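Contents: one structure, followed by commentary.
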Amino acid sequence: MLRGMLRLGLLTAILVVGINDLAFAAGGPASYKLDGSQLNLYWVIPFAGMLLSIAVFPLVAGDFWHHNFGKIALGWAATLIIPFLIFFGYQVTLYEILHVVLLEYIPFIILLFSLFTVAGGVRLRGKLRGTPLVNTAILAFGTLIASWMGTTGAAMLLIRPLLRANEWRTHRVHVVVFFIFLVANIGGSLTPLGDPPLFLGFLKGVSFFWATQEMFLPMLFVSTILLAVFFLLDSYYYKKEGDLPSVDELHSDEPDGIKIEGGQNIIFLAGVVGAVLLSGFWKPGISFEIYHTHVELQNVVRDVILLSLAAISWKFTDIHSRIANGFSWFPIQEVAKLFIGIFITIVPAIAILKAGSDGALGFVINAVTSDSGEPVNVMYFWLTGILSSFLDNAPTYLVFFNTAGGDPVELMGPLTNTLLAISVGAVFMGANTYIGNAPNFMVRSIAEERGVAMPSFFGYMGWSFIILIPCFVLVTFVFF
């Protein structure tokens, strides 16, 4: 398999040579950086192959995929790295790989790991039965807290109790799908803590409570529709379950009321949020250079704090409580292995977008500006959203943020509706695919471990196309 994918990498390189004779001018430190204007769309083949592997392999070779997805991700990464070495040399290749790994992948996976470990130590006990009312209440609560503890934190805190409340039901897939829509994505709309694109906007100068004020109505609008649709759909499936067991039959070993085990982890979750905020507010002006890649001190401190909180959580949480909570390391391992392939193969796509109108995707950038030079907010919303569904929504947000001028004062003032379109597109449409936002994958993996037959990559997109896209069309007419 790997040898075949390496050969595919070389074939990709030959195709690129034949269609577009690339030239890379050497000279000075700037030559270490990839110029996206020199790339054609053939460089996106490894990324497309990575996405297709995630979509197709589980359907046609599920057992093989389960045991080899890490190797397949590495193979697709190799199909990009080898042509990069051939065309751009080791300097550009090393710089781009180190840049994406040190500044994006490692902080990304450390944050997910800490939230996964800490939230996985909180066990909500009680005689909860997954009725439509109970399920809707859990989804509404998760949507409410996601903006303040992050979509990943809220998702990891509530997915296991939700699955346990519904483990007796035959029809559970829709419960998890709507959980991904609401808790893992749309709920993170109101603060920079909620979703990575908003945090990047905060780092660029957007005020902390801008999203709370401007995104509240779109978030309330879509969330209300989705919760209402979910309640009706869940009520329909609930009636098809037949004779319903009593709460005591379902949870004879559970206490009356709600009891929290591992409550100290809630304090650790607050520490995770604090560490993320610290890296946004504290700017000591100290950085470490690793092959022209500047790693800032505040980010190193944040990551050390996050890893320390994960270690403390693991040490001081009863292992039997974690086992009873259905905790395992597989979901975070799956995310770590797949996303290293995604982060590496996505490099050319992001570089092409950053090249703006000079890049191979210049028509996308040009589509968001009218002939008179005014921003087209509808196009900002849909293009940011569609690209965020398949690319990393954080750099996609930055691309369109800069396309709109990149001045936070202007974007929060006369162009506030443009910033709203970019922000809503990046956050909301992360729910369109499993790879649109990191917790999507982990929720799916945890659900499958608990026996829920989750939809395939394309199957999930069918759910999002039928349910989410009409909501986003309404958002377009109401807000843009």
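The values are calculated or read from the model by the stated rules, or taken from the named source; none is laboratory data. Remember, it's a predicted structure, so these values are computed and weren't measured experimentally. Using ideal geometry, Cβ is built from the backbone for each residue, glycine included, and neighbour counts are taken over all protein chains shown. Keep in mind that these areas ignore ligands, DNA and RNA; they rest on the heavy atoms of the full protein, side chains included. Shrake-Rupley method; radii C 1.70, N 1.55, O 1.52, S 1.80 Å.
When Val92, Val118 are checked against the criterion of being more than 24 Å from the chain's Cα centre (by Cα) and in a helix (DSSP H, G or I), Val92 stands alone in meeting it.
Among the residues of the range 371-403, those identified as at pLDDT 85 or above and in a loop (DSSP other than H, G, I, E, B) are Glu374, Val376.
Residue count for the range 46-73, restricted to those that are under 22 Å from Gly462 (Cβ atoms) and exposed (fewer than 13 other Cβ atoms within 10 Å of the Cβ): 5. Scanning the range 318-360 for residues that are part of a loop (DSSP other than H, G, I, E, B) and without any contact (Cβ under 8 Å) to a residue 60 or more places away in the chain, we see that the one that is farthest from the chain's Cα centre (by Cα) is Asp318.
Screening Lys315 against (1) modelled with pLDDT under 90; (2) part of a helix (DSSP H, G or I); (3) loosely packed, with under 14 Cβ neighbours inside 10 Å leaves a single unmet condition, (1). Every condition in (1) under 30 Å from Ala165 (Cβ atoms); (2) open to solvent by 10 Å² or more (accessible area, probe 1.4 Å); (3) over 18 Å from the mean Cα position of the chain (by Cα) holds for Phe472 except the one numbered (2). When Tyr460, Tyr380 are checked against the criterion of being open to solvent by less than 10 Å² (accessible area, probe 1.4 Å), of a type in the set (Phe, Trp, Tyr) and farther than 27 Å from Ala351 by Cβ, a single residue qualifies: Tyr460. In this structure, Phe465 does satisfy being within 22 Å of Pro218 (Cα to Cα) and surrounded by fewer than 24 Cβ atoms within 10 Å (Cβ to Cβ).
Exactly one residue among Thr117, Thr131 is surrounded by 22 or more Cβ atoms within 10 Å (Cβ to Cβ) and more than 30 Å from Lys33 (Cα to Cα), and that residue is Thr117.
Check the range 393-409 and report whether any residue there is more than 26 Å from Ser207 (Cβ to Cβ) and in contact (Cβ under 8 Å) with a residue 24 or more places away in the chain.
no
For the range 259-278, residues that are under 24 Å from Lys204 (Cα atoms) and either basic (Lys, Arg) or at pLDDT below 85 (or both) total 3. Cβ-Cβ distances below 6 Å connect the following pairs, each with a first residue in the range 59-83 that is over 16 Å from Ala48 (Cα atoms), a second residue that is among the charged types (D, E, K, R) and surrounded by 13 or more Cβ atoms within 10 Å (Cβ to Cβ), and a separation of six or more residues or different chains: Gly70/Lys337. A single member of Thr191, Thr143 is in a loop (DSSP other than H, G, I, E, B), of a type outside the set (Asp, Glu) and open to solvent by less than 10 Å² (accessible area, probe 1.4 Å), and it is Thr191. Checking each residue in the range 439-453 for being in a helix (DSSP H, G or I) and open to solvent by 10 Å² or more (accessible area, probe 1.4 Å) picks out Arg444, Glu448, Glu449. Could you list, in sequence order, the residues of the range 146-176 that are open to solvent by 30 Å² or more (accessible area, probe 1.4 Å) and not in a helix (DSSP H, G or I)? Matches in the range 146-176: Glu167, Trp168, Thr170, His171, Arg172.
Could you list, in sequence order, all residues of the range 319-372 that are among the small types (Gly, Ala, Ser) and either in contact with a Ser or Thr (Cβ under 8 Å, 6 or more places away or on another chain) or open to solvent by 50 Å² or more (accessible area, probe 1.4 Å) (or both)? Of everything in the range 319-372, those that are among the small types (Gly, Ala, Ser) and either in contact with a Ser or Thr (Cβ under 8 Å, 6 or more places away or on another chain) or open to solvent by 50 Å² or more (accessible area, probe 1.4 Å) (or both) turn out to be Ala355, Gly356, Ser357, Gly359, Ser372.
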